[in-house]
Amino acid sequence: MARYRVVELYAGIARTWEAFRSWRRADLSLLVDHDEYARLTYVINHVSAPYCVLDLKRTSPSRIEALAGGKIDILLGCPPCQGFSDTGTRNPDDIRNAHIAVFSRFISELKPRVFVMENVPLLATSNRFASLTRKLESLGYLWDAAILNGALYGSCQTRQRLVMVGARRSIGQPRLPLPTHGGSRKYFSYSRQEFLTLREGDADILGEAPATGQASFAVPYLRTPPGRRPIPNIWETIGDLQGCSKEEAYKLSHVPWKHTGAMTRRMSGVKEGKRWRGGRNHYSQSYGRLHRQGLSRTLTCSFPNPGSGRFWHPTEDRSITLREAARIQGIEDEFYFVPPFSWAASLVGNALDIGIARAAEAAVRNLLD
């Protein structure tokens, strides 16, 4: 039985690779990122992991192949997305956007059997995405791309991401899987302030961002038909952490952030599922309190700050902890975070939702297994 050499670029804490870990035919050959703290965090958890800190703009594909120990079969990558993000600069000239071309260069020269790329939805509307698809087709790759919502693949988070899977023509046409989750249960709608099923208010429950609507003109948004399995809600994901002892909580990185007295007083008056409306020109989910029977909105690196999104705990007067955020992303409790936790928050916020990662892995296995 053939085994496949897997490399993840822009790896962070390797959440795309995590979905491949249980596949016996997949062998991790190399992880690469420019962030030494990400590498340190990962190798403390996986001591023998082959992880290099490199600037991919200055690294040749031949060096990556040599470090991987030979021909790469599966190439994974989540290039920086801040320049395309609707919560970032949305600047087509952002220097970080050039990493799309860098990833394209690695595909061109390494010629993997299959590749996976993840990014924010708005990338699909850009000239860089159009250039990438033309390049892939000229190389003889077939590809599929769509916007996936993490909640529809088993997460309690409504994170929406563009996923592209490509394969050599001789291997076949990739197909991203349809949603596995949905069901008929009711969830709290933050916009309508009532309990709804997906059939009654899927856009509200699934937290569909304007960027997803814009991008869906370029690539499909896979939300129908929804799967039959129920989507886990917030309390099913983090509720049992309330019973942690202090010792257990520290081991889990389940430690409250320090908020100012003014912030705590402000947010203590916000009821479950609502948000503070005392300021002006705030992001629509900022200063929001989660609801136990609701879903999480997209986590960002700034989740410790309640002004940056709906990150306030459903019942306690604090932002969600690092461990609660990690659970929302699907990161295992056994995964240890190296202090300072403010740095670790960036690793969690930048991580790929495990539901989306598993959908990409399923597309690859359907081609190669």
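The values are calculated or read from the model by the stated rules, or taken from the named source; none is laboratory data. What you are looking at is a predicted structure, and each value in this text was computed from that prediction instead of being measured. For neighbour counting, all protein chains shown are included, and Cβ atoms are generated from backbone atoms with ideal geometry for every residue, glycine included.
Numbers below:
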item: L132 vs. criteria at pLDDT 95 or above, in the same structural domain as D73 (by TED's automatic domain parsing) and not in a loop (DSSP other than H, G, I, E, B); result: yes
item: Where a residue in the range 138-157 is assigned by TED's automatic domain parsing to the domain that holds S170 and among the acidic types (D, E) and its partner, wherever it lies, is outside any strand (DSSP E or B) and modelled with pLDDT of 95 or more, with Cβ under 6 Å and at least six apart; result: D144/P174; D144/R175; D144/L176
item: Of the criteria (1) buried (at least 23 other Cβ atoms within 10 Å of the Cβ); (2) modelled with pLDDT of 95 or more; (3) in contact with a Ser or Thr (Cβ under 8 Å, 6 or more places away or on another chain), which one L75 fails; result: (3)
item: Verdict on D369 being farther than 30 Å from A145 by Cα, among the acidic types (D, E) and touching a residue at least 60 places away in the same chain (Cβ under 8 Å); result: no
item: Sole exception among (1) surrounded by 18 or more Cβ atoms within 10 Å (Cβ to Cβ); (2) at pLDDT 95 or above; (3) not assigned by TED's automatic domain parsing to the domain that holds R289 for I238, by number; result: (3)
item: Matching entry among S308, S216, S286 (being out of contact with any strand residue (DSSP E or B) (no Cβ under 9 Å at 6 or more places or on another chain), buried (at least 17 other Cβ atoms within 10 Å of the Cβ) and within 26 Å of I147 (Cα to Cα)); result: S308
item: Criterion (charged (D, E, K, R), closer than 19 Å to R275 by Cα and touching a residue at least 12 places away in the same chain (Cβ under 8 Å)) met by exactly one of E236, E208; result: E208
item: Residues of the range 293-314 satisfying the condition of being without any contact (Cβ under 8 Å) to a residue 60 or more places away in the chain, in a loop (DSSP other than H, G, I, E, B) and closer than 29 Å to S184 by Cα; result: G309, F311, H313
item: Exclusive hit being under 19 Å from the mean Cα position of the chain (by Cα) and not in a loop (DSSP other than H, G, I, E, B), set V116, V219; result: V116
item: Selection from the range 321-338 of residues that are within 12 Å of the chain's Cα centre (by Cα) and in a loop (DSSP other than H, G, I, E, B); result: G330, I331
item: Candidate set: the range 135-157, residues that are assigned to a loop (DSSP other than H, G, I, E, B) and surrounded by fewer than 24 Cβ atoms within 10 Å (Cβ to Cβ); chosen: the one nearest to the chain's Cα centre (by Cα); result: G154
item: Residues located in the range 242-300, provided they are closer than 27 Å to D204 by Cβ, more than 26 Å from the chain's Cα centre (by Cα), modelled with pLDDT of 90 or more and of a type outside the set (D, E, K, R); result: M267, S268, G269, V270, W276
item: Long-range neighbours under 6 Å by Cβ, at least six apart or interchain, first residue polar (S, T, N, Q) within the range 44-63, second part of a loop (DSSP other than H, G, I, E, B); result: N45/F335; N45/Y336
item: Of all residues in the range 8-34 being more than 23 Å from R58 (Cβ to Cβ) and free of Cβ contacts under 8 Å to residues at least 40 places away in the same chain, the one that is farthest from the chain's Cα centre (by Cα); result: R24
item: Selection status of S85, in contact with a helix residue (DSSP H, G or I) (Cβ under 9 Å, 6 or more places away or on another chain), at pLDDT 95 or above and among the small types (G, A, S); result: no
